[in-house]
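A.B. asks: What follows is a single structure, and I will ask about it in a moment.
The values are calculated or read from the model by the stated rules, or taken from the named source; none is laboratory data. This structure is a prediction, so every number in the text was calculated from the model and none was measured. For neighbour counting, all protein chains shown are included, and Cβ atoms are generated from backbone atoms with ideal geometry for every residue, glycine included.
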Amino acid sequence: MKKLPKVPVVIVGMGWAGGIIASELTKAGVEVVGLERGKDRQTKDYMMGHDELRYQHRAELMQDLSKETITHRNNEKMKALPMRSYGTFIVGDGVGGAGSHWNGQTYRFLPYDFEIKSLTEKKYGKNKIKPEYLLQDWGLTYDEMEPYYDTFEKMAGISGETVELYGKRSNPYPTGPMLKTPVLEEFEEATKNLGYSPYMIPSANLSEAYENPDGIKRSACQYCAYCENFGCEYGAKSDPVVTVIPVAKQTGNLDLRTHSNVIRVLNDGKKATGVVYADTITGEEFEQPADIVVLTSYVFNNVRLLLNSKIGTPYNPKTGKGTIGKNYAYQVSAGESTLFFDDKEYNLYGGAGALGIEIPDYTGDNFDHKDLNFLHGAGIRTTQYGDRPIANNPIPSGTPSWGADFKKQSIKYANSTFKVKSQGASLPHKDNYLDLDPTYKDEYGMPLLRMTYDYTEQDKELVKYMSKITKKIAEEIGADHIETQEEQAPFNVNKDTNTHNTGGVIMGADPETSAVNTYLQMWDADNVFVIGASAFPHNSCFNPTGTLGALSYRASEGILKYIDKPGSLV
Amino acid sequence: MADKRKDTNEVVDSTKRRFIKNSGLTVGGLVLGGALGGLVSVNTGSKTNSEEVTGTPKADSNPNAALMFFTPDQHQITEAAAERIYPEDDLGPGAKDLDVAIYIDHQLASPWGGNDKAYMSGPFHKPEPTQGPQIKVLRKNLFLLGIKGLNDYSNKHYDSEFIELEGDDQDDILKEFESGKVNLHPGVTSDHFFTMLRTLTIEGAYADPMYGGNKDMQGWKMRKFPGSYMSLTEEIQKDSFVELEPQSLKDHMGH
Ligand SMILES: Cc1cc2nc3c(=O)[nH]c(=O)nc-3n(C[C@H](O)[C@H](O)[C@H](O)COP(=O)(O)OP(=O)(O)OC[C@H]3O[C@@H](n4cnc5c(N)ncnc54)[C@H](O)[C@@H]3O)c2cc1C
Ligand code: SF4
């Protein structure tokens, strides 16, 4: 294996987290090697981007599952089997990562999230949190996070409006909220009638042209409808490729190596010494020594690389000891109500990935949980992404899924259906975790990540509760026919649709219960930083990227401090 | 020319067809004539009524509308089955006239048909319902097993080729296949094939026409989907429905 000259910093994965670290370090004059397993990308690649089949259904921008995937089982009694094709979890691949094909809904988590354990116990007593739910504080407060959120939002140009019920903001959103469409107006009116306080979802699809503090100029969103699962042909959707990566490239300090798949992190038991990676085109393997190793390879590979490299202690669900793989969490999306209109047609063929409206009233602890058997809450929302025809064939239940009736009904309702949806928080449970699969391997012969996960009692109760709210709102809007999904079915690795995975390398103030400190520096190897939603001790009811982006800014500050003065940052 | 020949050869009354079938002279319902190759056309179907198929031949200049994977009889079965999934009605064409079977042919010929981006390492265990399919058979082979299965089932239970059956009978067979009751091959049940048939049919009706289906964007027109527009900022704000003339990716070429 060829050994390359040592470098100060090597970054594994060039999505949002890797891009932010690269731009912050290179701007400060640090030389950085960025290793990315996929290809390089640019805005003009998407001239043929309005191709639903290629980008959405054939997963053009996503990880090639023939090379690696995850295995899943709902509980320890089952044998975990590989997710062979998509599927849920459409993990990114290539420069920009999933930040190229994401929707762009860019939230902050609540002050409640960061101190969830203390605040819950304070308000509802010590016994409110059942022992099998491994809730813990994050080790820092919302107020400490606020400046990093602010930096992330300014870099990306987030479009939105201030929400009273959420954490205090030092500045308004850099750009105003997205346009309101008739469908969103109907949600707005109905929720106001019911006494809620609707707001436009904060969006990384720019509502107006914007220049960010790095001098990057981007144009406004055209509501083209090819957004979620697609790259933006305008550069209007914030993507590492049109924001942080060009900034890093321009410094001359970024050595970006694409088609470079990291296989393991080399270490001497105390510190990392570098990484081994393979050129995915030739198969040749290289050793890249480095002073600092930064893992930004998404939740799954952050965990898998640590386990395959024997860094940190794997979580053991029997003893509760160990941290790597612990507190894996997802999100609950059941509980929605669908409205069918017989004589109304909306221009639903247009839209954007982050075009939507939501109420804050049932998020976090913004409603009383004293008599409820679940904690946290959900964002109740209506969105307009653009209803592309292969993916959207709404039919009232009872309609066959093919044949004459299917065709008639799906066409009748193609422009006459929308949903009041619920996106609920997911709290960690001792039986939900990530480890290495004993059987299945990736193309380099390394064990795949095994996920042991199912929705918990808490999740199911939350869904039941929220389904009543979505129904109430749907009824207030009024439609010819309303259908509500009242129960959360078991987790299904090929059906459930969202890629909001969190945990596995969680942050905290205590090395016994967390893997990284609040700079996302590993307790067990202080020159390893593990950055991403893998650091979240639980998952909130909001999309994760705003928070992992903010944490990436905090981590880059930590890395710069470490370069000046090696050692633990806390 | 070619179209004309096809039309004359399609006009076969059922008694004669049955006779020829029994004497072993048909392939997938098509009568074998002298110039075998010339008989085959992408527009053949299960029509047995001569009045329906005579008339002016369509001027079809699309060189993409030819087979790269199926044999002609496989194509016919696919066309007939897809038409039941997405039938012609007063809203507009069904799968057959949208060239869905051409779309399916092209997909199965593509790397996707060979499971290029799917995880294919063993072992292949029987999954729980929450774990997604665990099938070793490649998509293209699963599909061929499926359409062969349809025809075998039809011959066994109806004493007829699948493409010659009445729509209701075809539906009954498809329902059997949907339920997974039919074994296509050791360890391969028909539900996996059916799911693929259904999905591919919908894709073929609505994917960009460059893939071979959604002929003349008629799939989009039926549901008033505009295809690919660079900006929809104005339209989404309107209270009333704005119907746009659809555009396909071809309109973006050369920009
Ligand atoms: C369809 C979709 C819609 C989404 N919508 C939203 C949304 O609206 N709002 C929101 O907040 N979040 C959304 N998300 C989630 C969001 O995309 C992720 O949270 C975010 O992109 C994660 O950033 P990351 O840098 O941690 O990881 P990624 O963006 O996944 O980047 C990781 C990078 O690491 C590379 N990599 C992985 N392993 C290796 C290796 N071994 N060697 C080298 N390189 C490697 C990958 O190729 C990838 O480029 C969405 C996700 C999807 C899939
Ligand atoms: S909807 Fe807007 S942000 Fe999304 S891809 Fe289209 S133009 Fe870009």
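A.B. asks: Any chance the range A:56-63 includes a residue that's within 23 Å of B:Thr130 (Cβ to Cβ), facing chain B (nearest Cβ under 10 Å), under 17 Å from the mean Cα position of the chain (by Cα) and in a loop (DSSP other than H, G, I, E, B)?
C.D. replies: Yes, the range A:56-63 has at least one match.
A.B. asks: Further question: Looking at the structure I just gave you, is A:Gly94 of a type outside the set (A, V, I, L, M, F, W, C), in a strand (DSSP E or B) and within 16 Å of ligand 1 (Cβ to nearest atom)?
C.D. replies: no
This table checks each residue for (1) farther than 22 Å from A:Pro400 by Cα; (2) basic (Lys, Arg); (3) outside any loop (DSSP other than H, G, I, E, B).
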position: B:Gly94; (1), (2), (3): no, no, no
position: B:Tyr103; (1), (2), (3): yes, no, yes
position: B:His106; (1), (2), (3): yes, no, yes
position: B:Met120; (1), (2), (3): yes, no, no
position: B:Pro129; (1), (2), (3): no, no, no
position: B:Lys136; (1), (2), (3): yes, yes, no
position: B:Leu144; (1), (2), (3): yes, no, yes
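A.B. asks: Another question, if that's okay. Considering only strands (runs of 3 or more DSSP E) fully contained in the range A:263-354, which possess at least 1 residues that are touching a His at 6+ places or on another chain (Cβ under 8 Å) and away from ligand 2 (no atom under 16 Å from the Cβ)?
C.D. replies: Values: elements: A:272-279, A:285-295, A:326-329, A:337-340.
In the range A:263-354, A:272-279, A:326-329, A:337-340 are the strands (runs of 3 or more DSSP E) which contain 1 or more residues that are touching a His at 6+ places or on another chain (Cβ under 8 Å) and away from ligand 2 (no atom under 16 Å from the Cβ).
A.B. asks: Same structure, new question: Which one of A:Tyr210, A:Tyr196, A:Tyr226 is in contact (Cβ under 8 Å) with a residue 24 or more places away in the chain, within 30 Å of A:Met48 (Cβ to Cβ) and touching a strand residue (DSSP E or B) at 6+ places or on another chain (Cβ under 6 Å)? Steps first, please.
C.D. replies: Numbers: A:Tyr196 fails: within 30 Å of A:Met48 (Cβ to Cβ); A:Tyr226 fails: touching a strand residue (DSSP E or B) at 6+ places or on another chain (Cβ under 6 Å).
Exactly one of A:Tyr210, A:Tyr196, A:Tyr226 is in contact (Cβ under 8 Å) with a residue 24 or more places away in the chain, within 30 Å of A:Met48 (Cβ to Cβ) and touching a strand residue (DSSP E or B) at 6+ places or on another chain (Cβ under 6 Å), namely A:Tyr210.
A.B. asks: Check A:Asn543, A:Asn539 and return the single one that is modelled with pLDDT of 95 or more, closer than 24 Å to A:Ser426 by Cα, within 16 Å of ligand 2 (Cβ to nearest atom) and more than 14 Å from chain B (Cβ to nearest Cβ). Show your work before the answer.
C.D. replies: On the way: A:Asn539 fails: within 16 Å of ligand 2 (Cβ to nearest atom).
Just one listed residue meets the conditions, A:Asn543.
A.B. asks: If I go through the range B:206-231 residue by residue, how many of them are more than 8 Å from chain A (Cβ to nearest Cβ) and either within 16 Å of the chain's Cα centre (by Cα) or touching a residue at least 24 places away in the same chain (Cβ under 8 Å) (or both)? Can you show your working first?
C.D. replies: So in the range B:206-231, the residues more than 8 Å from chain A (Cβ to nearest Cβ) come out as B:209-210, B:212-218, B:221.
Checking which are either within 16 Å of the chain's Cα centre (by Cα) or touching a residue at least 24 places away in the same chain (Cβ under 8 Å) (or both) leaves us with B:209-210, B:212-215, B:217-218, B:221.
Matching residues across the range B:206-231 total 9.
A.B. asks: Could you please let me know if A:Gly29 is modelled with pLDDT of 95 or more and crowded, with 17+ Cβ neighbours inside 10 Å? It would help to see each step written out before you state the result.
C.D. replies: Working: modelled with pLDDT of 95 or more: yes; crowded, with 17+ Cβ neighbours inside 10 Å: no.
It is false that A:Gly29 is modelled with pLDDT of 95 or more and crowded, with 17+ Cβ neighbours inside 10 Å.
A.B. asks: Moving to a separate point now. Among the residues of the range A:291-323 satisfying the criterion of being among the small types (Gly, Ala, Ser) and within 14 Å of ligand 1 (Cβ to nearest atom), which is nearest to A:Asp93 (Cα to Cα)?
C.D. replies: My answer is A:Ser297.
A.B. asks: Would you pick out the residues in the range A:356-391 that are within 16 Å of ligand 1 (Cβ to nearest atom) and either out of contact with any Gly (no Cβ under 9 Å at 6 or more places or on another chain) or farther than 21 Å from B:Leu244 by Cα (or both)?
C.D. replies: Listed by number, the residues that qualify are A:Gly356, A:Ile357, A:Glu358, A:Thr363, A:Ala378, A:Gly379, A:Arg381, A:Thr382, A:Thr383, A:Arg388, A:Ile390, A:Ala391.
A.B. asks: Moving on. Is it fair to say A:Pro172 is closer than 23 Å to A:Thr518 by Cα and surrounded by fewer than 22 Cβ atoms within 10 Å (Cβ to Cβ)? Steps first, please.
C.D. replies: Values: closer than 23 Å to A:Thr518 by Cα: no; surrounded by fewer than 22 Cβ atoms within 10 Å (Cβ to Cβ): yes.
No, not satisfied.
A.B. asks: Here's something else I'd like to know. Residues that are within 11 Å of chain B (Cβ to nearest Cβ) and buried (at least 18 other Cβ atoms within 10 Å of the Cβ): does the range A:416-435 have at least one?
C.D. replies: Yes.
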